[in-house]
Amino acid sequence: MSLTGETITLRGGSRTDAGVSAIAHVSDFVSATSIPPDRIARAWNTKLPESVVVHAAVCVPDSFYARYDTLGKTYRYTILTGETRPVIKRSTTAFVPGELDVDAMRSASEYFLGTHDFSSFMDQGSPTKRLVRTLHDIRIDGFQELVIAMTADGFLYHMARIIVGTLVYIGQGKISVHELASIIEARDRVCAGPTMPAEGLVLERVYFATELFGDDCWPYEDERRDAKRASLPSVE
């Protein structure tokens, strides 16, 4: 790192696929720099490419690890329907030709809420053995331009994109709303819809046991949050 004269290892708090964007990705690093935390973002941004920007930096305890201290995430997926594919928004929007039955998609989305084994919505290639996740919230806003936001305590490999793909199939009439419960229970990837393109997905928020950057304290009560709060002193 030319700004501090150190070799810094940046530990990312969340892994995303190529083509996925992030608004609130959080990473951690160790540094002996004398640059105050409130000036680090401005200093780093003078060296970063146009595709990356640092919003803020805070001091955290030595025990903090962004990846393992994350308690949940919110992803947002944007779909444009109709006859003309997006150009200006092509890197943050997926195009689905024609019309979708949005009411059916909203009805179906409720089946995802709660704690489930989401194996049907995980592509091959994931090393995780924790297949049970809790989806706390899912919302579908808009009509021709749809925004699907979902918050969970964790996401399996391509889980968000496959959930959206399954909802798209429901909106197209290829899967019925009433089939969704059995698709979840099947725990079989071939039963669900397609994996949607990475370009429509944005990591919108990463949550922790205590607030780091504003509105990122995990809002759901669970044992993990209480345990993390007990072990982490307040940040500066």
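Within region 1-19, the set of residues being among the small types (Gly, Ala, Ser) and surrounded by 13 or more Cβ atoms within 10 Å (Cβ to Cβ) comprises Gly12, Gly13, Ser14.
Consider Arg229 carefully, then state whether it is out of contact with any Lys or Arg (no Cβ under 8 Å at 6 or more places or on another chain) and either in a loop (DSSP other than H, G, I, E, B) or of a type in the set (Lys, Arg) (or both). When the stated conditions are applied, Arg229 passes them.
Scan the strands (runs of 3 or more DSSP E) fully inside region 126-221 and keep the ones with 1 or more residues being loosely packed, with under 15 Cβ neighbours inside 10 Å.
Numbers: elements: 132-141, 145-152, 201-207.
The qualifying strands (runs of 3 or more DSSP E) are 132-141, 145-152.
Kindly indicate which of Ala104, Ala22 is of a type in the set (A, V, I, L, M), at pLDDT 90 or above, out of contact with any helix residue (DSSP H, G or I) (no Cβ under 8 Å at 6 or more places or on another chain) and surrounded by 13 or more Cβ atoms within 10 Å (Cβ to Cβ). I'd like the intermediate steps shown before the answer.
On the way: Ala104 fails: out of contact with any helix residue (DSSP H, G or I) (no Cβ under 8 Å at 6 or more places or on another chain).
The conditions single out Ala22.
Among residues that are buried (at least 16 other Cβ atoms within 10 Å of the Cβ) and modelled with pLDDT of 90 or more, Tyr65 is not included.
The values are calculated or read from the model by the stated rules, or taken from the named source; none is laboratory data. If you're wondering where the values come from, they're calculated on a predicted model, not measured in any experiment. Here the Cβ is made from the backbone with ideal geometry for all residues, glycine too, and neighbour counts use every protein chain on show.
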